[in-house]
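First the structure, in the form of structure tokens, and then the observations on it.
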């Protein structure tokens, strides 16, 4: 069967709408962790995904500014990226900036980081979190997070 992606919806060859494609922004400076995200997202088969990657908090904010008219459905971000934002983590700065963009106020954000106090930081910022350590031990936690955020 042939599938067509048009206007963020997946259609069959007769142009009958099957399911909306969800757009995800990954903000992650580590090439290895970018690969982990891509591998896990490609293995996620419940809905079609359109994935974009920013390699820094600043680049992530540029993606957000560029997509105000068509916001992402989910943002996944690391905390520890460029060091310009000390004493804040770059991911904290990024999340605060995103939350100021009106079109993004209801878009879920999940911090995926190895930072030891990730849950505390996520709670303080009003977002969800997933520890990279737990992800390494149980990749199913990634799928559960996607189910919760996208379905």
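Values quoted throughout were computed directly from the atomic coordinates according to the rules given, and no laboratory measurement underlies them. Source: prediction; values computed, not measured. Cβ sites come from the backbone with ideal geometry, for glycine too, and all protein chains shown count toward neighbours.
A few remarks follow.
- Eigenvalues of the alpha-carbon gyration tensor of segment 112-151, scaled by 5 and square-rooted, set the equivalent ellipsoid semi-axes at 17, 15, 5 angstrom, largest first.
- Stretched out straight at 0.36 nm per residue, the stretch from residue 52 to residue 67 would grow longer than its current Cα-Cα span by 4.2 nm.
- Label-to-label distance, residue 147 versus residue 97, with points set 7 angstrom from Cα along the beta-carbon direction: 3.4 nm.
- Three-way shape label, segment 18-142, alpha-carbon gyration tensor, a/c 1.5: oblate
- Anisotropy class of segment 27-89 from Cα gyration tensor, a/c 1.5 cut: oblate
- Taking each DSSP H run with n ≥ 4 as -39500 (n - 2.57) and averaging over every residue of the chain yields -11000 deg cm²/dmol at 222 nm.
- The fraction of Cα-Cα pairs per 10 angstrom bin, counted from 0 for segment 78-117, comes to 28, 51, 20, 0 percent, rounded to whole percents.
- Relative contact order %, the chain, counting alpha carbon pairs below 8 Å whose residues are six or more apart: 18
- Linear extension gain, residue 133 paired with residue 21, 0.36 nm per residue minus alpha-carbon span: 37.4 nm
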